[in-house]
Amino acid sequence: FSAYAGARMSGIDKQTSWAVGCGMNARGAVGIILAGIGLESGVIGRPTYVALVLMSLVTSLMAGPLMKFFLAPHAAKLESLQ
């Protein structure tokens, strides 16, 4: 949501701002690496590790389709110009 809010404050339209927010949420590799470090150092337990890995995978897999959905109006405009 904060990426969406930042995009809106910079003057980007709502649809594109949601696409920016979805794209910024896809940080799966970083989440998995940090979860692994947390598990190895004993900061988090196995259940938390599994939850973090699943969350990282789901948000990464959702990013592409959501960005496509939010950017579809812009794609339609570009196709009509050709």
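The values are calculated or read from the model by the stated rules, or taken from the named source; none is laboratory data. Since the structure is predicted, the reported quantities are computational estimates derived from the model, not experimental observations. Ligands, DNA and RNA are stripped out before the accessible areas are found, and what is left, the full protein with its side chains, is counted by its heavy atoms. Shrake-Rupley method; radii C 1.70, N 1.55, O 1.52, S 1.80 Å.
Carbon and sulfur: what percent of the chain's accessible surface (1.4 Å probe)?
With neighbouring chains kept in place, the figure for the chain is 71 percent.
Within the chain, which DSSP H helices have Cα atoms that stretch 27 Å or more along the helix axis and a mean Kyte-Doolittle hydropathy of at least 0.5?
Long hydrophobic helices here: 46-81.
Mean projection of the alpha-carbon convex hull of the chain over all orientations, in nm²?
Values: hull surface 25.8 nm².
Its average projected convex-hull area is 6.4 nm².
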